[in-house]
1. Could you check how many percent of all C-alpha pairs in segment B:74-114 are farther apart than 16 Å?
2. Using helices alone, I'd like the mean residue ellipticity at 222 nm for chain A: each DSSP H run of four-plus residues gives -39500 (n - 2.57), total over residue count, nearest 500.
3. Do any trypsin sites (Lys or Arg not before Pro) in segment A:1-77 lie in a loop, going by DSSP, with at most 11 other beta-carbon atoms within 10 Å of their beta carbon, and if so which?
4. Given points 7 Å out from each Cα along the Cα-Cβ axis, report the B:Ser95 to B:Ile14 separation in nanometres with one decimal.
5. Relative contact order (percent) for chain A, with alpha-carbon contacts under 8 angstrom and 6 or more residues of separation?
6. Give the angle, between 0 and 90 degrees and rounded to the nearest 10, that separates the Cα long axis of helix B:58-74 from the longest principal axis of the Cα atoms of chain B.
7. What is the Å³ per residue value for the convex hull set by the Cα atoms of chain B?
8. Report the residue, chosen from B:Ala56, B:Ala72, B:Ala11, that carries the largest GNM mean-square fluctuation when chain B is represented by alpha-carbon nodes joined by springs under 10 Å.
2 protein chains.
Amino acid sequence: MSTCIFCRIAAGEIPATILHQDDEVVAFSDLTPQAPFHALVIPKRHVSTLNDLASADDALVGRLVRVGATLAQERGYGVRGYRTVFNCNADAGQSVFHVHLHVLAGRSLTWPPG
Amino acid sequence: MSTCIFCRIAAGEIPATILHQDDEVVAFSDLTPQAPFHALVIPKRHVSTLNDLASADDALVGRLVRVGATLAQERGYGVRGYRTVFNCNADAGQSVFHVHLHVLAGRSLTWPPG
């Protein structure tokens, strides 16, 4: 059994509010939402950080973004807008070392982005 | 001649501090940096917002992220970390309607991300 909490969510071993699931990608609600809509989109395959991406992962990473964008649009946030964020390592506050895309929507998001 | 400022930067018609350039992708320094390192990574092809992405764009979008991650790592920010951000439409403060990835590094980035 994996010790990675996001691998365990992807495997259905830990409950989460699942928003999307397919062969490669799972999306679920962030437990500490920072906006009215705050989803996490992850690859099912374990990748620790953005530093570990190879060219063979490009399509998968693009899919994470497109799944996130689609979820926001399906909930009516396409026109108002939304922000997507990847955090890598300590300066960005990455807390789970399994690549995950934050998708935030439903309020005006300020600048700078943290 | 395009009226899109990022298309014009990609075409070399408007000067910018170019950090990376290849057949599909251009990266350059943000003119109003929000961190010691703040790059924008764009596709040369015009895509207005994340709402306009199709599955055929997945590899390109993943490449934007990987180019941004590589630029941050090349400058020594891989271990400390960095954040990548896509803004879509008004709630996220998107100001140029040509998809662009922000890559921020060199300081501790707070949460929420805006």
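1. 45
2. Using -39500 (n - 2.57) per qualifying helix, the result is -6000 deg cm²/dmol.
3. Here no loop site has a sparse enough neighbourhood.
4. 1.1
5. The value is 29 percent.
6. 40
7. It is 112 Å³ per residue.
8. Taking springs between Cα atoms under 10 Å, the residue moving most is B:Ala56.
Any read-out appearing in this document is the output of simple, stated calculations on the displayed coordinates, not a laboratory observation. Computed from a predicted structure; not experimentally measured. Glycine gets a Cβ as well: all are built from the backbone with ideal geometry, and neighbour counts include every protein chain shown.
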